[in-house]
1. Against the definition (in contact (Cβ under 8 Å) with a residue 12 or more places away in the chain, open to solvent by 70 Å² or more (accessible area, probe 1.4 Å), part of a helix (DSSP H, G or I) and of a type in the set (K, R)), how does B:R113 come out, yes or no?
2. Name the pairs whose Cβ atoms lie under 8 Å apart, with the first residue in region B:16-27 and facing chain A (nearest Cβ under 7 Å) and without any contact (Cβ under 8 Å) to a residue 24 or more places away in the chain, the second β-branched (V, I, T) and assigned to a helix (DSSP H, G or I), and 6 or more positions between them or separate chains?
3. Inspect all residues belonging to region B:122-136 and state whether any of them is out of contact with any Ser or Thr (no Cβ under 7 Å at 6 or more places or on another chain), more than 13 Å from chain A (Cβ to nearest Cβ) and not in a helix (DSSP H, G or I).
4. Looking at region B:90-110, can you tell me whether even one residue there is away from every other protein chain (no Cβ under 11 Å), under 21 Å from the mean Cα position of the chain (by Cα) and not hydroxyl-bearing (S, T, Y)?
5. When region B:115-163 is examined, which residues are found to be polar (S, T, N, Q) and modelled with pLDDT of 85 or more?
6. Can you name every residue in region B:142-156 that is within 34 Å of the chain's Cα centre (by Cα) and farther than 20 Å from B:F55 by Cβ?
7. Which residues, taken from region A:134-144, are facing chain B (nearest Cβ under 10 Å), over 14 Å from B:V15 (Cβ atoms) and in contact (Cβ under 8 Å) with a residue 40 or more places away in the chain?
8. Being part of a loop (DSSP other than H, G, I, E, B), out of contact with any helix residue (DSSP H, G or I) (no Cβ under 7 Å at 6 or more places or on another chain) and more than 10 Å from every other protein chain (Cβ to nearest Cβ) is the filter here; which residues of region A:10-68 pass it?
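The values are calculated or read from the model by the stated rules, or taken from the named source; none is laboratory data. Since this is a predicted model, take the numbers as computed values, not measurements. Ideal geometry is used to build each Cβ from the backbone, glycine not excepted, and the neighbour counts take in all protein chains shown. In case anyone asks, the SASA skips ligands and DNA or RNA and just uses the protein heavy atoms, side chains included. Shrake-Rupley method; radii C 1.70, N 1.55, O 1.52, S 1.80 Å.
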Amino acid sequence: MGQGRGNQDRDTRYADAARSYGAAIERLARGYEADAELRRDLVQEIHAALWRSYGYFEGQCSERSWVYRIAHNVAVSHLITRRRLKRESLAGLDEVEMLPDDGDLEEEAGGRRIVERLLATIHRLAPADRQVMLLYLEDLSAAEIADMTGMSAGAVAVRIHRVKALLAKPYAEQGDLA
Amino acid sequence: MSDSDRVRQAWQASVADPVLPDLATVRTGADRFYRRVRRRNAVEYAACVFVVICFSAYAVFLPSVTMRIGALMVVIGTLVVAWQLHRLASAARPPESAAAEPILVHQRAELARQRDALAGVFTWYLLPLIPGLLVMMLGPGLEHGVVGLLHAPRSIWIRMIFVAATFTGVWLLNQRGAARLGKQIDDIDALTGGKT
């Protein structure tokens, strides 16, 4: 009886979180996995971990932090396993460039072109830099990113500075061309 | 609006209406981690059972007493390896257990677990099998004392060199993997100021 009510409560809390953060989870999965089928598995794995976690979530931190940590931790484990299999080489924020593009960034409906370029860049980033980039794109502050990743405030500040420069570059290049 | 704000806006608008998995799928998926661990354990234990059966047969049917003792030692060594596999598999944590941990702490723990398993491969995987294999290979020569060993046929020494080369290769590959993971751990420590 108690167990049944507990499961029902867990289902409700999970469903609320999935509705609120489902889009962010999907975006995060896109940042960690380029392959569509594997990404679907990753999203399901994150949702499964989230559902289980509501068995013991008692407001230890904000719900957003909780959801993002679970999602990133599952995705990081996925990435570590994939890297062991694929041996792909990844780079830091100071080494990657946004891929070149000759289209008009503003004209593209819904900014799809810039998101595609962004994803191609994210997929080449080393895990720690990828975490900062993805959390920054979700509007988290530097302090929240430091708290969520465990990175020192200085390391986060340096990375956010690089992320901003990286994101502004395509627009600067377009300005030069115009 | 700054350029990076425009990119952030485009990013957040890129998935506005996600397809959420239904609750039944989520619940089934919640057991996937445990099912995967069970399946992997089953394969590894099956391999151990196969080795135990083969070498138990050697321990009964081989003509030389020393070789039979060697086969029995391999069986014991395999049981030690199986126990170590069980111990390492239990150290794998379910994905949701790290919910309260910062992401890099979780990442470091995952890498450290894998690095330790690779770095210690000689102790937990190779060493338990070495005494039995040595006794089996040198058995016939040992039965005639040190002189017998010195005059053992060349084929025995070739076999020994082959086994030693294989074990060394396995050890070296694992050490290289451990060093690579160690480098990634060092990178994380540099980022967190060693707080992990």
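1. Details: in contact (Cβ under 8 Å) with a residue 12 or more places away in the chain: yes; open to solvent by 70 Å² or more (accessible area, probe 1.4 Å): yes; part of a helix (DSSP H, G or I): yes; of a type in the set (K, R): yes.
In short, yes.
2. Matching pairs, first to second residue: B:P18/A:I25; B:P21/A:V43.
3. No, region B:122-136 contains no residue that is out of contact with any Ser or Thr (no Cβ under 7 Å at 6 or more places or on another chain), more than 13 Å from chain A (Cβ to nearest Cβ) and not in a helix (DSSP H, G or I).
4. Step one: list which residues in region B:90-110 are away from every other protein chain (no Cβ under 11 Å), which gives B:90-91.
Adding the requirement that they be under 21 Å from the mean Cα position of the chain (by Cα) leaves B:90-91.
Next, from what is left, pick out any that are not hydroxyl-bearing (S, T, Y): B:91.
Yes, that holds for at least one residue.
5. So the first thing to find is which residues in region B:115-163 are polar (S, T, N, Q), and the list is B:123, B:155.
If the condition is that a residue be polar (S, T, N, Q) and modelled with pLDDT of 85 or more, then B:T123 is the only one that fits.
6. Of the residues in region B:142-156, the ones within 34 Å of the chain's Cα centre (by Cα) are B:142, B:154-156.
Result: B:R154, B:S155.
7. As a first pass, look at region A:134-144 and keep what is facing chain B (nearest Cβ under 10 Å): A:134-139.
Then keep just the ones that are over 14 Å from B:V15 (Cβ atoms); that gives A:135-136, A:139.
Residue satisfying the conditions is A:L135 alone.
8. Matches in region A:10-68: A:A34, A:D35, A:E58, A:G59, A:S62.
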